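Participant: Structure incoming, see below.
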Amino acid sequence: MAIDNPSKHNAVDLEMWKAFPALMAALDRDPQVRVAILRGAGRDSFASGADIAEFETVRANAQGGRLYEAANEAAFWAVAHCSKPVIAMIRRFCLGGGFGLALSCDLRVASENAVFGIPAARLGIGYPPGAMKLVTAAVGAPAAKDLFFTARRIDAKEAERLGVVQRVVPDGELESATQALAEGIARNAPLTIRAAKAAIDEAVGTMRPDVDPLALADLCFDSADAVEGRKAFLEKRDPVFSGR
């Protein structure tokens, strides 16, 4: 998936925010999809944030701001609640709402030139509690407060130290490193990954309300993939999982 607005460093406008729920639902339903990658179009930036050009129109007052933030939050939760792993592939700017989208993903791979920040305190805008929950779940309360209170930017190495990103690689290796991570995950048992994601999300308070992590774990034990995993182990070969 590409955030496609390269003339504005892939800033996200209102219509783009609104597109996320249907897009993520389609990926969730597709049995051929094992892992999703979210990236910025081209080689410029992941996402420079919400499109500030819209602030004087759709976010000009409290009512408009609430509607806009509702679309923001729906997009964040659509990404976070995908039952399949979502990886953010990040280069250069990852700011504001773009940072929120990245933190809604399960894993983040960044190039060495990536820059992160949440400038809300310099713009005088508020973040809804749901979005704050996702940020806090990803980086912890102290780091979230640091980023929000100071509105400072951090480089890829500090982002890695804070747990914002899981891998930092040279820019020329970003695509191959992200693809390798996705392929490694995709070779593993999909039911196990789905159950693990649900259980971890429950632990940090970001789980989908309609999901039962224990039931998902039980499905793993009764699956054909569990049989395949045992057979492959005994036969000393790589398993081939079907997701059933």
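Participant: Of the numbered conditions (1) in a helix (DSSP H, G or I); (2) among the acidic types (Asp, Glu); (3) in contact with a helix residue (DSSP H, G or I) (Cβ under 6 Å, 6 or more places away or on another chain), ASP44 fails exactly one; give the number of that condition.
Facilitator: (1)
Participant: Going through GLY126, GLY98 one at a time, which residue ends up being in contact (Cβ under 8 Å) with a residue 60 or more places away in the chain and surrounded by fewer than 15 Cβ atoms within 10 Å (Cβ to Cβ)? Give the derivation first.
Facilitator: Numbers: GLY98 fails: surrounded by fewer than 15 Cβ atoms within 10 Å (Cβ to Cβ).
None of the other options fit; the residue is GLY126.
Participant: For the structure I just gave you, tell me whether ALA143 is within 19 Å of the chain's Cα centre (by Cα), within 18 Å of SER45 (Cα to Cα) and not aromatic (Phe, Trp, Tyr). I'd like the intermediate steps shown before the answer.
Facilitator: Details: within 19 Å of the chain's Cα centre (by Cα): yes; within 18 Å of SER45 (Cα to Cα): no; not aromatic (Phe, Trp, Tyr): yes.
When the stated conditions are applied, ALA143 does not pass them.
Residue-by-condition table, conditions (1) open to solvent by 20 Å² or more (accessible area, probe 1.4 Å); (2) β-branched (Val, Ile, Thr); (3) within 16 Å of the chain's Cα centre (by Cα):
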position	(1), (2), (3)
CYS105	no, no, yes
GLU112	yes, no, no
ALA120	no, no, no
GLY130	no, no, yes
ALA137	yes, no, yes
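Participant: May I pose another question? With ALA47, ALA25, ALA11 as the choices, which residue is surrounded by fewer than 18 Cβ atoms within 10 Å (Cβ to Cβ) and either of a type in the set (A, V, I, L, M) or touching a residue at least 40 places away in the same chain (Cβ under 8 Å) (or both)?
Facilitator: Values: ALA47 fails: surrounded by fewer than 18 Cβ atoms within 10 Å (Cβ to Cβ); ALA11 fails: surrounded by fewer than 18 Cβ atoms within 10 Å (Cβ to Cβ).
Going through ALA47, ALA25, ALA11 in turn, the sole match is ALA25.
Participant: If I ask for residues that are more than 20 Å from ASP28 (Cα to Cα) and open to solvent by 50 Å² or more (accessible area, probe 1.4 Å), which ones from the range 186-213 would you list? Full working, then the answer.
Facilitator: Going residue by residue through the range 186-213, those that are more than 20 Å from ASP28 (Cα to Cα) are 203-205.
Matches in the range 186-213: ALA203, VAL204.
Participant: Here is a follow-up. Of all residues being of a type outside the set (Phe, Trp, Tyr) and touching a Ser or Thr at 6+ places or on another chain (Cβ under 8 Å) in the range 82-95, which is most open to solvent (accessible area, probe 1.4 Å)? Just the residue, please. Let's see the steps before the verdict.
Facilitator: Looking only at the range 82-95, we keep the residues that are of a type outside the set (Phe, Trp, Tyr), and these are 82-92, 94-95.
Of the ones still in play, those that are also touching a Ser or Thr at 6+ places or on another chain (Cβ under 8 Å) are 86-87, 89-92, 94-95.
Numbers: VAL86: 0, ILE87: 1, MET89: 11, ILE90: 0, ARG91: 9, ARG92: 82, CYS94: 0, LEU95: 14 Å².
Filtering first and then ranking leaves ARG92.
Participant: Sticking with this structure for a sec: How many residues does the range 103-119 hold that are aliphatic (A, V, I, L, M) and under 20 Å from ASP146 (Cα atoms)?
Facilitator: Here is the first cut: in the range 103-119, the residues aliphatic (A, V, I, L, M) are 103, 107, 109-110, 114-115, 118.
Subset that is under 20 Å from ASP146 (Cα atoms): 103, 114-115, 118.
Total satisfying the criteria: 4.
Participant: Can you name every residue in the range 174-188 that is under 16 Å from the mean Cα position of the chain (by Cα) and of a type in the set (A, V, I, L, M, F, W, C)?
Facilitator: Residues of the range 174-188 under 16 Å from the mean Cα position of the chain (by Cα): 178-179, 181-182, 185.
Once the filter is applied, which keeps residues that are under 16 Å from the mean Cα position of the chain (by Cα) and of a type in the set (A, V, I, L, M, F, W, C), the range 174-188 yields LEU181, ALA182, ILE185.
The values are calculated or read from the model by the stated rules, or taken from the named source; none is laboratory data. For clarity, every value in this text was computed on a predicted model and none was experimentally measured. Here Cβ is always computed from backbone atoms with ideal geometry, including for glycine, and neighbour counts include all displayed protein chains. Surface areas here come from the heavy atoms of the whole protein model, side chains and all, with no ligands, DNA or RNA. Shrake-Rupley method; radii C 1.70, N 1.55, O 1.52, S 1.80 Å.
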